[in-house]
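Presented below is the structure to which this report refers.
Every read-out reported here was derived from the displayed coordinates using simple, explicitly stated rules and does not represent laboratory data. Remember, it's a predicted structure, so these values are computed and weren't measured experimentally. FYI the Cβ positions are ideal-geometry reconstructions off the backbone, even for glycines, and counts take in every protein chain you see.
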Amino acid sequence: MNRESHRRLKADLIAVVGEAAVISDPRRLLVYECDAFTLERKLPELAVLPADADEVKAVVDICRRHETSVVPRGAGTSLSGSTLAVSGGVMIGLSRMNRILRLDAANRRALVEAGCVNAWITREARAQGLYYAPDPSSQSACTIGGNVATNSGGPHTLKQGVTANHVLGLELVTLDGNRHWLGVEPEGGEPVGGYDLRGVVIGSEGMFGVVTQVLVRLLPLPEACRTFLAVFETVADASRAVSAMICAGIVPGALEMMDRLIVQAVEAAWRFGFPCDAGAVLIVELDGSETSVSEQAERALAICAAHGSRETRTARNESERERLWRCRKRAFGAIGRLSPNFMTQDGVVPRSKLPEIMEFIAAVGRRYELRIPNVFHAGDGNIHPLILYDERDPEQVRRAVAAGHDILERCLALGGSVSGEHGIGVEKIALMARQFSPADLEAMKRLRTVFDPEGRCNPGKMFPGGGGCAELTFRKQIAV
């Protein structure tokens, strides 16, 4: 975009949202150069912060007239580069649109703006005996719009499901400037007729339009909850205990695993009392009626003991339970004690293959001479190996990217997927053709054109051949 076009675009945006809500200074734009996938960075030409859905519509109209791309962004916690401004354009930050518009306890639902922080919903609903189930590890920062973009999960979605299971409806501003409500109407009516476009938009990574409002489902707080920590000598033993629990018909509210390296980092940071010599620990949480929780806890503890747990610790009260979960959800932050940079993978394997993929990850770490701690949703086989590297060393960067590629290739070979909840973004573009056939990818692209015929909404994501800078870098790194 030349200087005059840039000036006119900026002036038109300021006329709608005000000068304070349009960011053009390159120093201030640094905030928007990447998300939590820091390997690739690109400044947008402008960032604009609309205050409501009407302003979003007006901003999208302006961008269409100026033939510039738009990139929706929430809190920037994406771990796959899904909010990278690959082709520059205008970044639409939704951080000002953070209100809970209505909490309807009688119908167990809440209408929220896209920039509403995930944890705020449960904080508000708890007084009514309700909560919002999907709880990504970035729950205290990530926004509902971002959760919709990647169909986020979290520890407690093993039992209750991911974002798609808890979004009743949403408003989408498409690139033609129109506002569409998809799914159950906010006033409590039945879903609109025809195809389930709500379900289509969830997980589309902001490539269909800008989500402005979301109607979420709320659940009653469980009558009882039991949380315990099981300590194992090896990851393999802990993995077998996970499979045995599920095979026995026990479906915990959450079933998380951390290996030795991540346990040591978390313990150094938060001093919970984790055993630093353990090969792995499981965090098991059971919820439901008092009777069922007591019975399942007894069986789960017996299964852990039968598979080699050397120790179990049950949270004695709500304070201990909350502290344990804080440690787990801050695990990524604790990695800063081990390495200046890390890359988080998001593959999925069948639960029965957990021991095999953990052994493979360890072998990859040895092959590339990199440390790879693991913290993941063991109950549904969604792994999160954290590949440690120093971005100041190009050779380490190359090895880190290659290691991540090898791990995800192995997930596919074991009958899994390259993503469970982080999405594809720019990070995993090169792997899409591994998981999907050319016909599958073509069908996805054709679906996208229904919503965004010119491909101007969040371009350069997900699909091979898009020409995104990160796609090219990724391929270059793994080819060396």
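Here are the numbers for the structure shown:
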{"read-out": "Between 0 and 90°, nearest 10: helix 394-413 axis offset from the chain longest Cα axis", "value": "70"}
{"read-out": "Rounded, prolate or oblate (a/c below 1.5 giving rounded, otherwise prolate when a/b exceeds b/c) for segment 224-334 by Cα gyration tensor", "value": "oblate"}
{"read-out": "Kirkwood Rh in Å, taken over all unlike Cα pairs in the chain", "value": "23.2"}
{"read-out": "Ordering of 297-308, 381-392 by burial proxy (mean other Cβ atoms within 10 Å per residue, highest first)", "value": "381-392, 297-308"}
{"read-out": "Residues Asp259, Asp380, sorted so that the one with the fewest Cβ neighbours within 10 Å comes first", "value": "Asp380, Asp259"}
{"read-out": "Exposure proxy ranking, count of Cβ atoms within 10 Å, fewest first, for Arg126, Arg271", "value": "Arg271, Arg126"}
{"read-out": "Tilt relative to the chain, helix 290-306 - C-alpha long axis, 0 to 90 degrees, to 10", "value": "70"}
{"read-out": "Neighbour-limited loop hits for GluC sites (Glu not before Pro), segment 1-85 (at most 15 other Cβ within 10 Å; DSSP other than H, G, I, E, B)", "value": "Glu67"}
{"read-out": "Sequence ranges 89-98, 8-17, ranked by mean other-Cβ count within 10 angstrom, highest first", "value": "89-98, 8-17"}
{"read-out": "Least to most buried among Phe272, Phe451 (fewest other Cβ within 10 Å first)", "value": "Phe272, Phe451"}
{"read-out": "Sparse-neighbourhood loop sites, chymotrypsin sites (Phe, Trp or Tyr not before Pro) in segment 192-262 - DSSP loop, at most 16 other Cβ within 10 angstrom", "value": "Tyr195"}
{"read-out": "Folded to 0 to 90 degrees: helix 260-270 orientation relative to the chain principal axis, Cα", "value": "70"}
{"read-out": "Estimated [θ] at 222 nm from DSSP helical runs (n ≥ 4, -39500 (n - 2.57)) normalised by residues in the chain, nearest 500", "value": "-11000 deg cm²/dmol"}
{"read-out": "Neighbour net charge for Cys63 - beta-carbon separation under 10 angstrom, K R +1, D E -1", "value": "0"}
{"read-out": "Under 30 Å, Cα to Cα: Lys pairs in the chain, sequence gap 8 or more or different chains", "value": "25"}
